[in-house]
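Here is the structure we will look at.
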Amino acid sequence: MNSNLLILFAIALESGGIAGLMSDLPLQAALPGYLLAHALACLALTVVILPLLPARYRGQPLLTTLFLFSLQFAIPFIGSLGVFVGILLALYLPRSTREMPWQEMDIPELPFQPVDMDLQVIYSEGGLRQVLREAQSPDKRLKALLATRQMDDRTGIEILREALKDPTDDVRLLAYSMLEQKEKTLAERARKLQAAMAKASDIDSVVLRRRLAQVWWEMAYLGLAQGGLRQYYLNNARTLLLELTERRSQHNDWRLLGRVELALNDIDAAEAAFNAALDAGSPAEVILPYQAEVAFLQRDFQRVRYYLATCPRNRIHPANRPIMEAWL
């Protein structure tokens, strides 16, 4: 059917519906008649408007048709007029100028002025500590705190704790808020695990206990907890790990238990846990450095050299290489 005829048909239906609604007919008869005429008019105009849309909007004809029909039906007369005029304006009055997404710059003449490195924050641990200690500008110290987000959590938290002693309120408040956010994240994770453990089956609870023990350990290891609270987290982790090693022994559980015992200064229990981890199949290059640490705390320096010398050189962790070079 011709588009012009459809437009005239829609106008006639809309006008007839409005005339019937304003006549002396009872509302129970006039309202359904108007709604039917209005729906047919919206459908006719939708058929006219749909081919005018750009191709990317016609990829889903059913959804596009439903959208156009709903928009017109929800706003009698004005909705149809607005949709129709809006599409015609977009088609025949396109934007004449487009905003350039970049700015052209001339090639600078050499020698070009280099960046002042004194204004840049050094993202190494020593550099950030130096900025916090020696920088006179609070803005530079604030930038140094924000740069800790690019570091590993333990090092970043140590720097944030040092910033709690800063003389400027803004620096102290930022350090405190960043520490609090990290602690809240782990505390919320622990809370969810505890809630899941209360509903979990006996088999599923093993995995949840292991995850919860790792969260408790992380709270203490990262330095988010101090004093009695740190002791509380470590004891919680030890209790869970002892339960896991008694039920379903895995070498990772023994290794984490050994680290917890070391943090609690129970050297003999740590040594037993690391030995059990090796017996359970843990890689030697993972456990031997911990055994060397235990031997050092026991002041058995001969065994320290023995454990370090036994470590496979090609699989040793990079952080342990300086220790091996110093002892061997």
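Here is how the numbers come out for the structure above:
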| item | result |
| --- | --- |
| Candidates Gln60, Gln72 - the one that is open to solvent by 80 Å² or more (accessible area, probe 1.4 Å), polar (S, T, N, Q) and either touching a residue at least 40 places away in the same chain (Cβ under 8 Å) or within 20 Å of Val83 (Cα to Cα) (or both) | Gln60 |
| Conditions (1) over 30 Å from Met178 (Cα atoms); (2) open to solvent by less than 50 Å² (accessible area, probe 1.4 Å): number failed by Leu257 | (1) |
| Selection count, segment 19-38, where residues are touching a residue at least 24 places away in the same chain (Cβ under 8 Å) and of a type in the set (Asp, Glu) | 0 |
| So Ala213, is it modelled with pLDDT of 90 or more and either among the β-branched types (Val, Ile, Thr) or over 22 Å from the mean Cα position of the chain (by Cα) (or both) | yes |
| Set Glu188, Glu162, Glu183: member being acidic (Asp, Glu) and closer than 23 Å to Arg259 by Cα | Glu183 |
| Unmet criterion (only one of (1) free of Cβ contacts under 8 Å to residues at least 24 places away in the same chain; (2) more than 30 Å from Met178 (Cα to Cα); (3) open to solvent by 60 Å² or more (accessible area, probe 1.4 Å)) for Arg248 | (1) |
| Selection count, segment 294-328, where residues are small (Gly, Ala, Ser), open to solvent by less than 80 Å² (accessible area, probe 1.4 Å) and farther than 23 Å from Leu257 by Cα | 1 |
| Cβ-Cβ under 7 Å pairs, at least 6 apart or on other chains, segment 231-242 side free of Cβ contacts under 8 Å to residues at least 40 places away in the same chain, far side open to solvent by 40 Å² or more (accessible area, probe 1.4 Å) | Leu240/Arg209 |
| Some residue of segment 192-208 being in contact (Cβ under 8 Å) with a residue 24 or more places away in the chain and not aliphatic (A, V, I, L, M) | no |
| Single match in Asn275, Asn265 (criterion: farther than 18 Å from Arg321 by Cα, surrounded by 15 or more Cβ atoms within 10 Å (Cβ to Cβ) and free of Cβ contacts under 8 Å to residues at least 40 places away in the same chain) | Asn275 |
| Boolean, Ala319 is outside any loop (DSSP other than H, G, I, E, B), modelled with pLDDT of 90 or more, within 24 Å of Asp253 (Cβ to Cβ) and not aromatic (Phe, Trp, Tyr) | no |
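The values are calculated or read from the model by the stated rules, or taken from the named source; none is laboratory data. These numbers come from a predicted model, not from an experiment. We place every Cβ from the backbone using ideal geometry, glycine too, and count neighbours over all the protein chains shown. Heavy atoms of the whole protein, side chains included, go into the accessibility calculation; ligands, DNA and RNA do not. Shrake-Rupley method; radii C 1.70, N 1.55, O 1.52, S 1.80 Å.
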